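Only one structure is covered here, and it is reproduced in the block below.
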Amino acid sequence: MVYLYVKKKKKIVYVFPTARLSVSPSSSQFFDGDFVSLSCEEDDSSAGWTLRRNTTTDTRAECGDEFGRSDGSLCIINDIVPMDSGVYWCESREGNVSNMVNLTVTGGSVILQSPVLPVMEGDDVTLLCKTKTTPSNLTAAFYKDGSLIRKQPTGHMTIQHVSRSDEGLYKCDISGHGESRSSWITVTGEASDLFFLLFMQFVCVGGTQQTKPETYIFLNQFQVLPHLLLHQPPLPPSPPHFTLLLRRLLRLVHLVRLLLLCNPLLLSLCWCLFPPYLGCCWFYWLYW
């Protein structure tokens, strides 16, 4: 449970229930017929977290009712199949969501085992190229964003002290066996993303214990609600030299949008000081 506390007002302005979705085995790719369990590790057991998913055939499907077997906070899929590929997340009764995991199930003979959750900057990351029928110690070639990184004789590769530049689409290839599907690896800072979301919540709540409905909707859009995600794997990123710039620009656009949407006084002030700029903001707010 994360609390946002304002010392001056001596009150908690927002309570942010949290849950963490974990996958066992820890991988985003699986072979057809593998056993997979997903768990909502909750900070607040009273939140009533439910595991849901989006696939090409299901929307907001609930574990135990429409797929898998529910066992408390666990969701068990005994024989996962390609149609189980999709986005999985935990959701509380109040509508809060956990981190989201994109699982890919292949009928092929090669998969890439990579971190299913975001990795912290500075950590070491190991990628493992596995085959379904033979020992996974064969020479494998590893690729990032379509470019060859290196070939490893043991079938695994370790990236030491990862940074934001290591973020991207990874895949592997084993000669004579085939190529894996691509998986996205996310690299995150220690607290920047959480701080940003809490800051936006504080700005929009304005010192009260209730969140405006429109604020809640837009915050959840910024967090990328699973039902807004496409079912296909992410597209290849832009060229590395401006990928980070694009990410920062999009975050700035979201920040401006939420600030204007949640603070009428700021909106009025901007109208007086920057009429041409605000015209663009109005167009963006109303029609995007």
In segment 147-162, which residues are at pLDDT 95 or above and among the small types (Gly, Ala, Ser)? 147
Working only within segment 107-135, note down all residues that are under 21 Å from the mean Cα position of the chain (by Cα), of a type in the set (Ser, Thr, Tyr) and part of a strand (DSSP E or B). 126
Do we find a residue being in the same structural domain as residue 184 (by TED's automatic domain parsing), crowded, with 17+ Cβ neighbours inside 10 Å and touching an Asp or Glu at 6+ places or on another chain (Cβ under 9 Å) anywhere in segment 118-127? yes
How many residues are closer than 17 Å to residue 27 by Cβ and either among the charged types (D, E, K, R) or over 23 Å from the mean Cα position of the chain (by Cα) (or both) if we restrict to segment 143-177? 5
Filter segment 59-91 down to residues that are of a type in the set (Lys, Arg) and within 14 Å of residue 36 (Cα to Cα), then give me how many there are. 1
Cβ-Cβ below 6 Å, separation at least six or inter-chain, first residue in segment 173-186 and free of Cβ contacts under 8 Å to residues at least 24 places away in the same chain, second buried (at least 18 other Cβ atoms within 10 Å of the Cβ): which pairs? none
Give me the pairs: first residue in segment 152-170 and surrounded by fewer than 17 Cβ atoms within 10 Å (Cβ to Cβ), second residue assigned to a helix (DSSP H, G or I) and not small (Gly, Ala, Ser), beta-carbon distance under 8 Å, and six or more apart or on different chains, which are they? 164/244; 165/240; 165/244
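Sort out which residues of segment 134-151 are without any contact (Cβ under 8 Å) to a residue 24 or more places away in the chain and not aliphatic (A, V, I, L, M), and write them in order of number. Give the steps one after another, and end with the answer.
Step one: of segment 134-151, the residues without any contact (Cβ under 8 Å) to a residue 24 or more places away in the chain are 135-137, 147-151.
Passing the criteria: 135, 136, 137, 147, 150, 151.
The values are calculated or read from the model by the stated rules, or taken from the named source; none is laboratory data. Remember, it's a predicted structure, so these values are computed and weren't measured experimentally. Please note: Cβ atoms are built from the backbone with ideal geometry, for glycine as well, and neighbour counts cover all protein chains shown.
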